[in-house]
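K.L.:
One structure coming up, written as C-alpha cells, with questions to follow.
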C-alpha cells in the first residue's frame, strides 16, 4: 500500500530507470525491491552493523550501493537522486531541518521525496505509541511537515506475524518496556492495525 501511494505521487513509471536514495535504510530490506526497477539504488545508514547487513542483503544487485552516513550529511553528490525514501527515519518532524536541507541539495529537479512515519492519532498501534511516547505532539508534527511544503497521505496498514512470539518481539523493540507490556497484555492474536502518514514533496 505504501509503495502504491508513492507511485501515485510519482506518476507513470514510478521509480523505473531512476536513482533511488533510501535514507536510514537499516538492514537493507527495501533495497532489492527498489533495485528491481530503479537504475541505481543508494542506501544510507548511520549504524555500522546495519550497514554490513544491508550490503550483504543487496550484494546480488550490482546497481545497489550502501554507505555509512546520516540524514544530516548525506554521502551523495548534489542533484544526484530522483526519489528519496525514508521509512521511520524521520519520526518526529521538528528537529529534522538539517536532513531536509540535505534533501534540497541532493534531489534533482522533478524528483520527489517520501517520509513514512507513525500516525499516533489512529489505530491500535497509534494508541500504543501515544502511551509509549506522550512527549510526541501529533499536531506539532503535522504543522512541521505542512510548513515545509510536504503533503500528507494517511494510510491504514497492518502488522501480520506468523507467531505470537514474533509480534511480541517487535512490539518490545518499538515501544518502551512498560508500554510494550501493557499493549501485549491487552491485545490477543498475531495482527495489529497500524496507521501511518506518507509525507511527500516534489522538487
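Values in this text are rule-based calculations from the coordinates and carry no lab data. What you see is a predicted model; the values in this text were computed from it and never measured. A quick note on method: Cβ atoms are made from the backbone with ideal geometry, for glycine too, and the neighbour counts reach across all protein chains shown.
K.L.:
Is it possible to state the helix-based mean residue ellipticity at 222 nm for the chain, with each DSSP H run of 4+ residues giving -39500 (n - 2.57), the sum divided by total residues, to the nearest 500 deg cm²/dmol? What is it?
P.N.:
-10500 deg cm²/dmol
K.L.:
Label the stretch 1-121 by shape, choosing from rounded, prolate and oblate, from the square roots a ≥ b ≥ c of the eigenvalues of the Cα gyration tensor; if a/c is under 1.5 it is rounded, and otherwise prolate applies when a/b is larger than b/c, oblate when it is not.
P.N.:
It is rounded, given that a/c, with a ≥ b ≥ c, falls under 1.5.
K.L.:
Given points 7 Å out from each Cα along the Cα-Cβ axis, report the residue 185 to residue 151 separation in nanometres with one decimal.
P.N.:
Placing both labels 7 Å beyond Cα along the Cβ direction yields 4.5 nm.
K.L.:
Based on the Cβ-Cβ distance of residue 202 and residue 61, what FRET efficiency does E = 1/(1 + (r/R0)^6) give at R0 = 35 Å, to the nearest 0.05?
P.N.:
0.80
K.L.:
Which FRET efficiency value, to the nearest 0.05, do you get for residue 88 and residue 163 by plugging their Cβ-Cβ distance into 1/(1 + (r/R0)^6) with R0 = 35 Å?
P.N.:
Efficiency for this residue pair is about 0.95.
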